[in-house]
Amino acid sequence: MHIIVCVKQTPAGENVSVDQNTGCIIRSGESALNPFDEFAIEEAVRVKEKTPGSKVTAVTMGPPQAEAVLREAVARGCDGGVHVCGREFAGSDTWATSYALSQAVKKLSENDPSVLVFCGKQTNDSDTGHIGPQMAQWLGWPGAAFVRKLEAVDGKSVRVQRLMEDGYDVVEMPLPAVLSVIKEINTPRIASLKGRLASKKAQFPKWSAAELGCDPAKLGLDGSPTSVVRCFTPPQRASNTVKIQGETAADKARNLSAALKEAKIL
Amino acid sequence: MDYGFTQLQTEIAQLARELAEKKLKPLRAKADHDEKLPMEVVEEYRASNLFGLWLPEQYGGTGGGVTDLALAIEELSKACGGLALPIATSALGGMPAFMWATAEQREKWIPALASGEKLFAFALTEAEAGSDATALKTTAVLEGDHYVVNGSKHFISTGEVADVYTVAVTTNPKRGARGITLLLIEKGTPGFTFGKKEEKLGIRANTTYELVFQDCKVPVANRLGGEGMGLLAVQETFDYSRPGVAAQALGIAEGALNETIPYLRTRKQFGQPVSSFQAIQHKLADLATKVEAGRALVYSLTLAMDKDYLKAVENALASGASVHDELKKLKTRRWTKESAMSKLFCSDTAMEVASECINLCGGIAYMRDFPVEKYMRDAKITQIYEGTNHIQRNEIAAALIKEYAAG
Ligand SMILES: Cc1cc2nc3c(=O)[nH]c(=O)nc-3n(C[C@H](O)[C@H](O)[C@H](O)COP(=O)(O)OP(=O)(O)OC[C@H]3O[C@@H](n4cnc5c(N)ncnc54)[C@H](O)[C@@H]3O)c2cc1C
Ligand SMILES: Cc1cc2nc3c(=O)[nH]c(=O)nc-3n(C[C@H](O)[C@H](O)[C@H](O)COP(=O)(O)OP(=O)(O)OC[C@H]3O[C@@H](n4cnc5c(N)ncnc54)[C@H](O)[C@@H]3O)c2cc1C
């Protein structure tokens, strides 16, 4: 089985802030692996460890310095990586990005149907969560987002739990398939010493649009149907906090259970 | 300070620091409270390749030496001196196994030691044989192709959890020190059971057990070196392992300071941060200076030792002889004095630093839910095991007097 994990280099830090006036991301200068992609890598590596004869390849699309996240992916247990890189990709929105990435996935899978693609849930900069589902669309493969658990996987199919607002769905699909995972899925390991050493030596092929056989019209600004009108940080959602009062701890517990019953939670 | 570490060694320290922060800190209070070694920590060490730091790549290690090991132990001990132990004790049990093994024995035992698939432990101490290891009474009687072992060991670190025990026995009680022999005894061998689990002051995140041997059959093939070579193997092992205890002590001292200084900066009395009082500042300066002096001693020692150790390992792999035999050919094969100095100085420093950190923080540091008192409890063991500090002083003095007698 070929396991492919999509990783993106984003500004370091959990939450990226936006300049209210310009609408631009405030970049601290430091870049890092998108925090959500740590979970995608970990899950990919775990599947590899459970599946004899499988390998994990990391894919990133980004400028030359984005190669650093491929190194980190190797340090964390991936076998190798490819770098989708070139001026022709600049200015791509999520639709164009997912097209380019899906072309890379196609090239990596070379008609071998035993392919499982992992994405993170979203990024900490653009934050859309589009890429996974859009890639599935471009590829014509089944997919699932918000995956919180892999129940079973073999070379032919995968069964996952997908988080929903009111519980979770169990979804089974044949391979090849594309999954976007949430951070509840695992606890990423610390990159091992051997991984770190391998990552220093690793070489990553750079794939241009031509090598990927991309239609130039589907890339960059031309291939991006979205246009950014304005960027702003939405106001924080007001939380409806109810403080449960009571004289003693027992009173408070009684009032809490009454309130929960009234809300039909209990 | 960087004492001239290789890129790999810097990487090891970085990795161990991350593990300490992300994996050990969240577990340490519970492990200390429950007096249990959480196996997920061992899993993390395995997955991170920390068991083979001092073993050759040929056996699955990363080809380093005592420096690599000490750096990892120091960084992990900053979070918890107890949780760091599986790496240190597996090295302590593994060192005589690796250094005294024949090429054939290396093939059999070392890959599992290097990967951490099997944890090793070291069993010398008995109820009647502590500082005087030569008084040990566990016997091994040769019967055909195996030994029959009877007796018991106590205070064995990582006991019960570890898979392979490097056990000092006597194969010839009449010969005293020259009758001591090392055997590798695997958990699960019939006749080998675990006795009392100790309840301890510190390093409670590590299990300390009694080992009991009753007519336990051990293959002759599990013997390290010849009969009667055990004490020499133990002494040689301590040369290489005591800097590890020193590194553990330093990590504990640094960890205590890491918890203390930020608190002193935020704690206000008399309208100002406690860290602004000169009496406090001077104490911090003295403590930090001692810690760095300890690091300078440990790492200049290990970097020097590693030159010979790595040479001997390389030669042993080429010649098929034991590492010990190759070490014998090198001039500076023994480091007893410097190694004892490193453990003596760093463990006394750790005890002083951890205890002073409580004084510096005040009453809060006496409480279990503040992370400082544990460092003092954990520091204490470094003055005791692998030879008490009295014994370290004895060894340093014996070496000194010998040097002067030789003129
Ligand atoms: C309207 C719009 C216009 C944009 N215009 C530009 C522009 O002009 N110039 C520019 O540089 N950027 C631009 N971007 C940003 C760029 O399109 C996105 O960063 C990219 O499409 C990924 O989307 P995302 O960060 O929301 O990823 P998400 O969909 O939130 O990410 C989900 C997962 O997909 C995978 N993934 C995401 N991006 C990559 C990648 N690059 N390589 C590999 N895997 C990946 C990761 O696994 C990630 O966890 C624009 C974005 C939008 C929404
Ligand atoms: C938590 C813990 C873990 C341990 N782990 C291991 C392990 O994994 N494997 C193992 O084999 N052992 C282990 N030990 C045993 C440890 O190495 C011994 O406790 C130590 O060597 C001291 O021996 P003892 O306790 O019998 O003290 P004793 O030898 O009885 O010493 C009592 C006192 O007399 C002093 N003393 C003794 N002889 C002299 C002398 N000649 N000159 C001056 N003072 C002297 C000692 O310094 C000490 O103060 C462990 C001990 C502890 C507490």
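Key figures
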{"item": "Which of B:Lys217, B:Lys374, B:Lys187 is most accessible, then next, and so on - probe 1.4 Å", "result": "B:Lys217, B:Lys187, B:Lys374"}
{"item": "Area accessible to solvent at B:Lys153, 1.4 Å probe radius, in Å²", "result": "0 Å²"}
{"item": "Over region B:230-405, relative contact order from alpha-carbon pairs under 8 Å, at least 6 apart, %", "result": "34 percent"}
{"item": "Distance from region B:95-154 to region B:169-234 (C-alpha centre basis), Å", "result": "5 Å"}
{"item": "Inter-site label distance for B:Arg267 and A:Lys50 at 7 Å from Cα along Cβ, in nm", "result": "4.8 nm"}
{"item": "Environment charge at B:Gly188 (Cβ cut-off 12 Å; Lys +1, Arg +1, Asp -1, Glu -1)", "result": "-1"}
{"item": "Length-normalised contact order of region A:83-142 in % [C-alpha pairs under 8 Å, at least 6 apart]", "result": "40 percent"}
{"item": "Solvent-accessible surface ranking, highest first, for B:Ile364, A:Ile131 at 1.4 angstrom", "result": "B:Ile364, A:Ile131"}
{"item": "Helix-derived mean residue ellipticity, 222 nm - over chain B, DSSP H n ≥ 4, -39500 (n - 2.57), to 500", "result": "-18000 deg cm²/dmol"}
{"item": "Amide H contacts of B:Tyr165 (H built 1.01 Å from N, under 5 Å, at least 5 apart or other chain)", "result": "B:Ala121, B:Ile185, B:Glu186, B:Lys187"}
{"item": "For B:Tyr147, distant residues with modelled amide H under 5 Å away", "result": "B:Val218, B:Val220"}
{"item": "Computed accessible area, A:Phe36, all protein chains, 1.4 angstrom probe, square angstrom", "result": "30 Å²"}
{"item": "DSSP beta bridges in the protein assembly as shown [antiparallel fraction, %, rounded to 5]", "result": "60 percent"}
{"item": "Binned Cα-Cα distances of the protein assembly as shown, short to long, each 20 Å bin given as a whole percent", "result": "16, 40, 33, 11, 0"}
{"item": "Most to least accessible of B:Arg17, B:Arg333 (protein chains only, probe 1.4 Å)", "result": "B:Arg17, B:Arg333"}
{"item": "Surface accessible to a 1.4 Å probe, B:Lys118 within the full protein complex, Å²", "result": "60 Å²"}
{"item": "For region A:216-233 versus region B:24-46, the gap between their alpha-carbon centres in whole angstrom", "result": "49 Å"}
{"item": "Column: log10 I(q)/I(0), Debye, Cα scatterers of region B:230-405, q = 0.08, 0.19 Å⁻¹", "result": "-0.33, -1.14"}
{"item": "Rel. contact order, % - alpha carbon contacts under 8 angstrom, at least six apart, chain B", "result": "17 percent"}
{"item": "Neighbour net charge for B:Gln58 - beta-carbon separation under 12 angstrom, K R +1, D E -1", "result": "-2"}
{"item": "Cα centroid separation, region B:305-345 to region A:134-213 (Å)", "result": "48 Å"}
{"item": "Estimated vicinal HN-Hα couplings, Hz - region B:75-84 in sequence order (Karplus 6.51, -1.76, 1.60; Gly, Pro = x)", "result": "5, 5, 5, 4, 8, 7, x, x, 5, 6"}
{"item": "Cut-off under 5 Å, modelled amide H: who pairs with A:Val158 long-range", "result": "A:Met173, A:Leu175"}
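The values are calculated or read from the model by the stated rules, or taken from the named source; none is laboratory data. What you see is a predicted model, and the numbers here were worked out from it, not measured in a lab. Heads up, the Cβs are rebuilt from the backbone with ideal geometry, glycines too, and the neighbour counts pull from every protein chain shown. The area values use the complete protein model at the heavy-atom level, side chains included, leaving out ligands, DNA and RNA. Shrake-Rupley method; radii C 1.70, N 1.55, O 1.52, S 1.80 Å.
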